[in-house]
Amino acid sequence: MTPIDPADRSCMLSIIVPAYNEEEVLPAFHARLTSALAAIPGLDDRWEVVYVNDGSKDHTLNILREMQKSGGAIGVANLSRNFGKEAAMSAGLKLARGNAVVLIDADLQDPPELIGQMVQVWQQGADVVNMKRISRQGETWFKKASARWFYKVINGLSEVHIPENVGDFRLLSRRAVDALNQLPERNRFMKGLFAWIGYKQVVVEYDRHPRAAGQTKWPYLKLLNFAVEGITGFSVVPLRLASYAGFLTALSAFVYALFLLVKTLVIGDSVKGFPTLILTILILGGLQLMAMGIIGEYLGRLFMESKNRPLYLLDEYHSPQENVKPAQA
Ligand code: UDP
Ligand code: MG
């Protein structure tokens with residue numbers, strides 16, 4: 001069976017590439033991507049690549065424009081500023097027109113050669129093809145360990161299962177893309193949203209390579225924020241934990257109060273007990289601050305959602321169709 005029905009000329013594959021300061025790697029990436037696409041049997045030229053420039057501060061946009069001029073079905077979207085990868089991907093998902101859509105990083109950490117295999121899995125009926133990294137070369141011990149912990153925590157807390165070690169490299173069927181485009185929330189924890197839509201999800205394993213050139217755009221603090229975002233966006237369990245903790249402390253305080261009352265009545269009052277006093281104050285104060293912090297996290301989310309701002313602003317989009325020269329009459 002050929003992966004793509006050659007008779008169905010309308011069938012198309014879209015590749016979405018978010019790019020933020022990727023001038024060093026883009027030309028190499030594009031060359032590898034196009035040769036990988038050319039190698040997919042039956043696909044011919046029925047593909048488009050949508051690059052989303054996420055407010056890069058280097059020459060990424062110029063390079064993309066040059067690439068577009070040199071021909072091929074390339075779309076270049078420019079966001080009005082840096083909105084973050086999740087927003088850039090959301091923009092790409094809105095612009096892509098394919099029957100299947102692949103999300104891929106520009107830094108060659110996700111090998112474009114795997115797209116053929118992903119298309120095959122899609123042709124066999126999958127709606128979401130999740131690419132699972134079995135090795136994370138070029139990443140520090142700390143990053144690997146924190147990633148493992150993150151999946152443990154979030155899967156313990158959230159109601160949808162978020163597959164472990166699956167990044168954003170994936171293929172989505174048209175109905176999966178339409179479903180994602182319908183989700184109105186501003187909190188774009190995409191890993192969670194991909195899992196939330198359901199449909200037929202398949203996991204394919206691959207080796208993750210180190211970045212080909214340039215720097216990672218995810219410092220640790222940003223990753224921590226990302227984790228908090230994911231957990232609070234997909235679970236209200238922390239709120240419940242805060243109430244349980246409060247309830248437990250109140251209960252033990254009540255028991256302790258009874259004990260003190262009896263003790264005072266039996267052996268009389270004394271000025272001793274300063275350590276107990278200070279400990280109680282500290283523990284209670286700490287618990288209250290923690291609970292307030294958790295409530296604050298959710299309140300903040302609610303605040304951001306209630307403003308109902310768009311996820312991103314598009315400066316301009318040059319679609320692949322503008323680029324494809326009309327056939328000679
Ligand atoms: N990216 C983006 N906007 C950002 C940060 C990153 O569009 O604010 C893109 C980046 O150009 C790359 C992909 O997201 O194509 C993954 O970024 P990176 O390689 O820095 O992340 P990592 O692989 O370290 O998780
Ligand atoms: Mg990367």
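What the table below lists for this structure:
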quantity: Alpha carbon convex hull of the chain, projected area averaged over orientations, nm²; calculated: 21.9 nm²
quantity: Normalised per residue, the volume of the convex hull around the Cα set of region 1-111 (Å³); calculated: 97 Å³
quantity: Virtual spin-label span in nm between Glu205 and Val228, 7 Å along Cα→Cβ; calculated: 3.5 nm
quantity: Length added when fully stretched, Met292-Arg32, from 0.36 nm per residue minus Cα-Cα; calculated: 88.6 nm
quantity: Between helix 274-307 and the chain: long-axis angle, C-alpha atoms, 0 to 90°, nearest 10; calculated: 30 degrees
quantity: 0 to 90° range, to nearest 10: angle between helix 60-69 axis and the chain longest Cα axis; calculated: 30 degrees
quantity: Cα centroid of region 18-50 to Cα centroid of region 70-114, whole Å; calculated: 10 Å
quantity: With Cα atoms, 0 to 90° folded angle of helix 237-267 axis to the chain main axis; calculated: 10 degrees
quantity: Extended-chain gain in nm, criterion 0.36 nm per residue less alpha-carbon gap, Lys263 and Asn155; calculated: 34.2 nm
quantity: Of Ser56, Ser90, Ser70, the one that fluctuates the most in a GNM where the chain has Cα springs shorter than 10 Å; calculated: Ser70
quantity: Portion, in percent, of the accessible area of region 152-215 that falls on carbon or sulfur, probe 1.4 Å; calculated: 48 percent
quantity: Listed residues Val129, Val237, Val119, most fluctuating in the chain (Gaussian network, C-alpha, under 10 Å); calculated: Val237
quantity: Calculated FRET value between Arg309 and Asp178, using beta carbons and R₀ = 25 Å, to 0.05; calculated: 0.65
quantity: Contour minus Cα-Cα distance for Ile281 and Leu251 (0.36 nm per residue); calculated: 9.3 nm
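The values are calculated or read from the model by the stated rules, or taken from the named source; none is laboratory data. Here the structure is a predicted model, which means the values were calculated and not measured. For neighbour counting, all protein chains shown are included, and Cβ atoms are generated from backbone atoms with ideal geometry for every residue, glycine included. For the accessible areas, the whole protein counts, side chains as well, though only heavy atoms, and no ligand, DNA or RNA atoms are used. Shrake-Rupley method; radii C 1.70, N 1.55, O 1.52, S 1.80 Å.
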